[in-house]
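The values are calculated or read from the model by the stated rules, or taken from the named source; none is laboratory data. Note that the structure is predicted; figures quoted are calculated from it, not measured. Ideal geometry is used to build each Cβ from the backbone, glycine not excepted, and the neighbour counts take in all protein chains shown. Each accessible area value is taken on the protein alone, full model and side chains, heavy atoms only, with ligands, DNA and RNA left out. Shrake-Rupley method; radii C 1.70, N 1.55, O 1.52, S 1.80 Å.
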Amino acid sequence: MSVKKIITFLSIALCLSFSVPVSASVTDNGTPTPKEILANKIETRLVEINKMDKSNLTKVEKKELRKEVKELKKQANKSGIYLSVGAIIIIILLLILLL
């Protein structure tokens, strides 16, 4: 075997050894996860706010509703996968080296 093949094999083995399995969105017994429950609560509250008759509300009440909507959207967008520019560059370099 050539040195390039050995390095490629070792780098693939190293990458696979650090991989983490992704958990399912539903637990084994079929109950929703806490994240799913929170997402459903946020979604129902946003739907309630959108269906409200806002014409009878004062400026202060409308401002409070806007603040609440912003907070709910921040909570909803909190979870997720974020990749920095450095991580993307490293991934691209590894792909170039391996392929």
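If I filter the stretch 34-51 down to residues being exposed (fewer than 12 other Cβ atoms within 10 Å of the Cβ) and among the aliphatic types (A, V, I, L, M), which single residue comes out as farthest from the chain's Cα centre (by Cα)? Among residues in the stretch 34-51 that are exposed (fewer than 12 other Cβ atoms within 10 Å of the Cβ) and among the aliphatic types (A, V, I, L, M), the one farthest from the chain's Cα centre (by Cα) is 47.
Okay, residues lined up against (1) surrounded by fewer than 11 Cβ atoms within 10 Å (Cβ to Cβ); (2) touching an Asp or Glu at 6+ places or on another chain (Cβ under 7 Å); (3) modelled with pLDDT under 90:
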position	(1), (2), (3)
53	yes, no, yes
63	no, no, no
72	no, no, yes
78	yes, no, yes
83	yes, no, yes
95	yes, no, yes
98	no, no, yes
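Do we have residue 24 as open to solvent by less than 100 Å² (accessible area, probe 1.4 Å), over 30 Å from residue 96 (Cα atoms), modelled with pLDDT under 85 and small (Gly, Ala, Ser) here? Considered against the rule, which asks whether it is open to solvent by less than 100 Å² (accessible area, probe 1.4 Å), over 30 Å from residue 96 (Cα atoms), modelled with pLDDT under 85 and small (Gly, Ala, Ser), residue 24 comes out as yes.
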